[in-house]
């Protein structure tokens, strides 16, 4: 097993120094899901929930969350993001969310992609909580992480 990178020689938490790493094009993708009652899904399809358009609001919340990740996760670097895509889709038993984040920099954007998906799903939960008491957020996972050298 590899050594943890966010601890110093005394085992104390620290932010990793990426200053010597070269800039690279980086992409991370994540997915997650919230299980919902069929009645709730019908309300989302009809745009009939009192709080508004669930899927669009969740997507916007996910984009905002990706941009604020460094303020939420204590040891994350501030990263200039070049692209954020969050898509919320109705599936047979709920809503699936995918997030994709791009940057050019010295560290990856996994946390930004995972945060985008998490907050989008939490937004669905918030918007549906008045009508569905058995929602379950599940399977938030990183599905892809790439880095490409810059020519």
Output the 0 to 90 degree angle, nearest 10, between the alpha-carbon long axis of helix 110-128 and the longest principal axis computed from the alpha carbons of the chain. 20
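Please give the length that would be gained between residue 85 and residue 15 if that part of the chain were fully extended, namely 0.36 nm times their separation in residues minus their C-alpha to C-alpha distance (nm, one decimal).
22.5 nm
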If the chain were replaced by its equivalent ellipsoid, with semi-axes equal to the square roots of 5 times the Cα gyration tensor eigenvalues, what would those be, largest first, whole Å? 33, 16, 12
Can you show me the helix-derived [θ] at 222 nm for the chain, built from DSSP H runs with n ≥ 4 at -39,500 (n - 2.57) apiece and divided by the number of residues, rounded to the nearest 500. -9000 deg cm²/dmol
Between residue 68 and residue 23, what FRET efficiency comes out of the Förster formula 1/(1 + (r/R0)^6) with R0 = 30 Å and r the beta carbon distance, rounded to 0.05? 0.85
Which angle from 0 to 90°, rounded to the nearest 10, does the C-alpha axis of helix 54-67 make with the longest principal axis of the chain? 10
Relative contact order, percent, of the chain when contacts are C-alpha pairs under 8 Å separated by at least 6 residues? 39
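Any read-out appearing in this document is the output of simple, stated calculations on the displayed coordinates, not a laboratory observation. Worth saying up front: this structure is predicted, and the values here are computed from it rather than measured. Methodologically, a virtual Cβ is constructed for each residue, glycine included, from the backbone with ideal geometry; neighbour enumeration extends over all protein chains shown.
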